[in-house]
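The values are calculated or read from the model by the stated rules, or taken from the named source; none is laboratory data. Just so it is clear, the model here is predicted, and its values are computed rather than measured. So basically every Cβ, Gly included, is an ideal-geometry build from the backbone, and we count neighbours across all protein chains shown. Only protein heavy atoms, including side chains, enter the accessible area calculation; ligands, DNA and RNA are left aside. Shrake-Rupley method; radii C 1.70, N 1.55, O 1.52, S 1.80 Å.
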Amino acid sequence: MITIRDKAQMRAHVAAARAAGRSVGLVPTMGAFHAGHHALMRAAREACDEVVVSLFVNPAQFNETSDLAAYPRDEARDAAEAAELGVDVLFAPSAEEVYPPGFATSVRVEGLGDVLEGAERGPGHFIGVCTVVAKLLNVVAPDVAFFGQKDAQQVAVLRRMAADLDIPARLEVVPTVREPDGLAMSSRNVHLSPDERRRAVSLSQALGAARDAIAEGERDGAAVRDVALAALARHGVEPEYLALVHPDTFEPLATVGARNLVAVAARVGRTRLIDNALIPTPRPAPVATLHAEGANPKKEP
Ligand code: AMP
């Protein structure tokens, strides 16, 4: 694996790979790798010839300077893990390389980028995410870019951006990787104290409770929310938001639909955690066919 810090060199490397007929995959990250990042890298390794992992802690998407300052960083360890997983290039530019003097452009996805995470963290969050991802997609120009379902709204916002700006890369989504007790892997989990770590499982339990309620036939959005809120409350956790929304538009759902996303954000201690679950509604059982009297009713297969 090689490390590249320079945009021009990154472009030249990809151009050479492309000229050799190799497909290119990009995994954008902020480092501090865990099993979630590893899953994205494995997916890219399987699908593409040349795998580029970008490592850039993007100041533009942090709304709290303390969160940015505390963000875990260990490039040497990240590089060793990426190399172990067969990544070809670690693209780790400096902030000056990404945002040179005079930088003045930003990308905003209206609507989708303004609710839930956008509302809690401020509109600057997704503007920061979109701007840096648009730049990475322009510099690396991958065939496929890999993102985690863990950040479901980020995926929806980036899909909108890619469609609206005619960015040709395909976006692939990798399922959320979890700890054995259900806690979604996150670089921020290292900040949890042992007691907070125990309470943090309430987020995935809340999603499980919502899933169970829907599986048992609950169709009222407020009732689904209530069972999820109760699961959080059992651990003394109050959410910043807990919402039942459409997974593409992030419009709130008053009634459970065919495709549902339950998204939650909560602070456990001082650590802000997010999680979500895609919950399809099971199709209703087929209505029994009415047969003419005396006919032999056929059994459903
Ligand atoms: P980050 O470094 O936190 O910006 O995350 C980089 C990528 O990894 C994003 O596409 C995230 O959605 C994804 N990711 C983070 N945590 C997980 C996880 N637990 N499972 C799957 N993907 C994840």
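Looking at Asp49, is it acidic (Asp, Glu), free of Cβ contacts under 8 Å to residues at least 60 places away in the same chain and open to solvent by 40 Å² or more (accessible area, probe 1.4 Å)?
Considered against the rule, which asks whether it is acidic (Asp, Glu), free of Cβ contacts under 8 Å to residues at least 60 places away in the same chain and open to solvent by 40 Å² or more (accessible area, probe 1.4 Å), Asp49 comes out as yes.
Quick one: how many residues across the stretch 2-46 are at positive phi and either among the aliphatic types (A, V, I, L, M) or in contact (Cβ under 8 Å) with a residue 60 or more places away in the chain (or both)?
2
Would you be able to tell me the number of residues in the stretch 146-158 that are open to solvent by less than 30 Å² (accessible area, probe 1.4 Å) and in contact with a strand residue (DSSP E or B) (Cβ under 8 Å, 6 or more places away or on another chain)? Spell out how you get there, then give the answer.
First, the residues of the stretch 146-158 that are open to solvent by less than 30 Å² (accessible area, probe 1.4 Å): 146-148, 152-153, 155-158.
Those still in the list that are in contact with a strand residue (DSSP E or B) (Cβ under 8 Å, 6 or more places away or on another chain) too: 146-148, 152-153, 155, 158.
Within the stretch 146-158, residues that are open to solvent by less than 30 Å² (accessible area, probe 1.4 Å) and in contact with a strand residue (DSSP E or B) (Cβ under 8 Å, 6 or more places away or on another chain) number 7.
So in the stretch 180-197, with the set limited to residues that are farther than 19 Å from Thr29 by Cβ and either outside any helix (DSSP H, G or I) or within 9 Å of the ligand (Cβ to nearest atom) (or both), which one is farthest from the chain's Cα centre (by Cα)?
If we take residues in the stretch 180-197 being farther than 19 Å from Thr29 by Cβ and either outside any helix (DSSP H, G or I) or within 9 Å of the ligand (Cβ to nearest atom) (or both), then Ser193 is farthest from the chain's Cα centre (by Cα).
Does the stretch 161-190 hold any residues that are touching a residue at least 60 places away in the same chain (Cβ under 8 Å) and of a type in the set (Val, Ile, Thr), and which are they?
Selection gives Val174, Thr176, Val177, Val190.
Quick test of your reading of the structure: Phe91 fulfils all but one of (1) within 16 Å of the chain's Cα centre (by Cα); (2) of a type outside the set (S, T, N, Q); (3) crowded, with 20+ Cβ neighbours inside 10 Å. Name the failing condition by number.
(1)
Here's a check for you: in the stretch 159-173, which residue that is in contact with a helix residue (DSSP H, G or I) (Cβ under 6 Å, 6 or more places away or on another chain) and open to solvent by less than 20 Å² (accessible area, probe 1.4 Å) is nearest to Glu117 (Cα to Cα)?
Met161
Need the failing condition index for Pro72 against (1) under 30 Å from Leu253 (Cα atoms); (2) over 18 Å from the mean Cα position of the chain (by Cα), just the number.
With respect to (1) under 30 Å from Leu253 (Cα atoms); (2) over 18 Å from the mean Cα position of the chain (by Cα), Pro72 is out only on (1).
Which condition from (1) open to solvent by 30 Å² or more (accessible area, probe 1.4 Å); (2) in contact with a Leu (Cβ under 8 Å, 6 or more places away or on another chain) is the one that Val27 breaks?
Here Val27 meets the rest and fails (1).
Can you name the helices (runs of 4 or more DSSP H) wholly within the stretch 1-118 that have at least 1 residues being more than 13 Å from the ligand (Cβ to nearest atom), polar (S, T, N, Q) and in contact with a helix residue (DSSP H, G or I) (Cβ under 7 Å, 6 or more places away or on another chain)?
So the answer is none; nothing clears 1.
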